[in-house]
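The next block holds one structure in the form of structure tokens; read it before the comments.
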Amino acid sequence: MDFTQVSKYLDDALIFGIKPSLIRIEKILALMGDPHKYSDFIHIVGTNGKTSTTIMLANILKRTGLRSGYHISPHIDSYRERIWLDGNDISEERFTDAFNRMYPYIKEVNNMDLGGPITQFEIISALVFMIAREEKIQVMVLEAGVGGRWDATNIADSRVTGLTGVSLDHTDILGDTIEEIAGEKVEVIKEGARAATLSRDPAVLDVLRKKVKDAGASCYLYGRDFKVDRTRSEGLSGWVVDIDGIYGKYPEIKLPVPGDYQPSNLSLAVALAELYMDLKGGRIDPRILSDSLSTMRIKGRFEILKEDPLVITDVSHNPEGAGRFCQTVERYFGSKGKIIIFAVLADKDYRQMIERVLQTADRLILTSSGNSRSLPLERLKEETGSVMEKYHDKPILAGEVYAIDTIENSLNYALKISGTNDIICITGSITNLEHIDKIFGKN
């Protein structure tokens with residue numbers, strides 16, 4: 001298969017869904033000679049901020065001289081984005097070659113009675129472990145897909161674990177309460193490991209402390225063991241951040257991504273890097289750290305796609321993420337007209353998200369990403385109308401609301417109606433950005 005055919009195969013494997021078991025990933029890795037036992041791993045779990053923290057951490061570790069990599073999900077444009085090897089996304093040729101060599105093992109596992117075919121995420125996770133061994137990656141940062149306990153990445157014996165935070169998401173899989181969801185996520189903490197968290201939620205910390213005690217692990221908390229000491233905003237160019245770490249102080253770190261939430265993600269990345277380096281008998285040089293992230297890019301996280309007019313994309317896909325996104329928009333663009341293009345997946349808590357974007361947008365464009373999981377536009381219109389009726393006597397909602405069939409048509413309309421003092425934002429789901437490069441290419 002070539003890269004296009006491999007991508008199609010992986011797209012089709014998405015129908016096998018999420019299966020709470022490690023049996024298939026265990027089996028395929030055993031057939032492949034257990035490639036997950038040849039590198040060190042750092043595991044990142046949480047509801048929001050996982051991808052940003054993962055990318056920051058891998059970049060920091062690379063700057064210390066380690067051959068590092070990361071695995072994130074999902075991707076926006078290409079499966080290549082999911083595997084980063086010592087500074088670069090994996091090439092199409094390398095990805096394709098590895099998949100074709102692994103394909104016989106996929107077929108063998110699918111012929112076994114293991115609760116159904118191997119899933120897309122399990123295939124990619126196995127591919128990550130295989131490539132990490134072949135590329136002699138010293139430390140790979142793994143972002144969990146969903147939860148932690150049954151996530152395919154949990155097959156790795158991670159030395160260090162980071163928990164960004166916990167809010168209600170994937171409740172159909174992980175549980176209906178914060179405690180239940182936290183309980184699933186902390187199961188990635190291995191015996192004797194080191195864990196650090198940004199969470200300050202007492203319910204989450206209670207669950208974390210119990211798991212750490214049971215595992216004979218150690219725990220480091222934001223605000224007590226590490227923190228953001230000072231920030232200086234550089235507008236849309238990002239931040240300059242001072243971090244008080246677990247073992248040292250790190251001034252003047254250049255963080256080239258905007259968003260009020262990113263400095264705290266950086267503090268967690270620094271803490272995890274410190275914990276890993278300490279295990280290896282080393283420390284992080286503050287002089288090295290200061291510019292280790294200066295060229296980093298995080299796709300879809302308050303990302304600027306166009307400057308005149310200003311078009312920003314953001315993949316916030318749950319109430320907590322939507323709140324952070326809107327807060328950032330209001331911080332940077334309080335006096336500007338805000339045109340927000342919004343589509344959301346049907347399995348999310350979209351009513352709370354609608355309420356939040358309605359309070360930030362001056363003009364709101366409702367649409368659909370065209371993804372099979374996207375909330376139908378008619379349903380989105382109904383829910384938005386219901387929210388607006390609830391607040392009909394309060395002047396806090398968008399002045400104009402439109403419904404347009406696709407992201408592309410929504411963006412074209414937003415560009416048409418925007419003025420010199422307007423910004424355009426696309427948010428609600430990562431699936432909204434699947435074709436965004438093609439849209440801008442055509443325009």
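The values are calculated or read from the model by the stated rules, or taken from the named source; none is laboratory data. Given the structure is predicted, the values throughout are model-derived calculations rather than measurements. Glycine also receives a Cβ, built like all others from the backbone with ideal geometry; neighbour counts cover every protein chain displayed.
Condition first: farther than 23 Å from Tyr276 by Cβ and assigned to a loop (DSSP other than H, G, I, E, B). Now tell me which residues in region 21-46 satisfy that. Ser21, Leu22, Met32, Gly33 - these are the residues of region 21-46 that are farther than 23 Å from Tyr276 by Cβ and assigned to a loop (DSSP other than H, G, I, E, B). Of all residues in region 136-158, those satisfying the criterion of being assigned to a loop (DSSP other than H, G, I, E, B), out of contact with any His (no Cβ under 7 Å at 6 or more places or on another chain) and either at pLDDT 95 or above or among the charged types (D, E, K, R) (or both) are Lys136, Ile137, Gln138, Arg149, Asp151, Asp157. You will find that of Leu266, Leu275, Leu279, the residue that is out of contact with any helix residue (DSSP H, G or I) (no Cβ under 9 Å at 6 or more places or on another chain), touching a residue at least 60 places away in the same chain (Cβ under 8 Å), surrounded by 22 or more Cβ atoms within 10 Å (Cβ to Cβ) and in the same structural domain as Pro74 (by TED's automatic domain parsing) is Leu275 and no other. Residues that are crowded, with 21+ Cβ neighbours inside 10 Å and either out of contact with any helix residue (DSSP H, G or I) (no Cβ under 8 Å at 6 or more places or on another chain) or in contact (Cβ under 8 Å) with a residue 40 or more places away in the chain (or both) number at least 2 in the following strands (runs of 3 or more DSSP E) confined to region 297-409: 310-313, 337-342. For the residues Ser125, Ser167, the requirement of being in a loop (DSSP other than H, G, I, E, B) and touching a residue at least 12 places away in the same chain (Cβ under 8 Å) singles out Ser167. Those residues that are in contact with a strand residue (DSSP E or B) (Cβ under 7 Å, 6 or more places away or on another chain) and under 28 Å from Ser218 (Cβ atoms), I need them from region 285-313; list them, please. Answer for region 285-313, where residues must be in contact with a strand residue (DSSP E or B) (Cβ under 7 Å, 6 or more places away or on another chain) and under 28 Å from Ser218 (Cβ atoms): Pro286, Leu289, Ser290, Leu293. Out of all the residues in region 62-76, which are out of contact with any Gly (no Cβ under 9 Å at 6 or more places or on another chain) and either assigned to a helix (DSSP H, G or I) or surrounded by fewer than 22 Cβ atoms within 10 Å (Cβ to Cβ) (or both)? Arg63, Gly65, Leu66, Arg67, His75, listed by residue number. Can you tell me how many residues within region 77-117 are among the acidic types (Asp, Glu), more than 27 Å from the chain's Cα centre (by Cα) and either crowded, with 19+ Cβ neighbours inside 10 Å or at pLDDT 95 or above (or both)? Summing the residues that are among the acidic types (Asp, Glu), more than 27 Å from the chain's Cα centre (by Cα) and either crowded, with 19+ Cβ neighbours inside 10 Å or at pLDDT 95 or above (or both) in region 77-117 gives 1. Here the condition is being charged (D, E, K, R), outside any loop (DSSP other than H, G, I, E, B) and out of contact with any Phe, Trp or Tyr (no Cβ under 8 Å at 6 or more places or on another chain); of Arg133, Arg80, Arg94, it holds for Arg94 alone.
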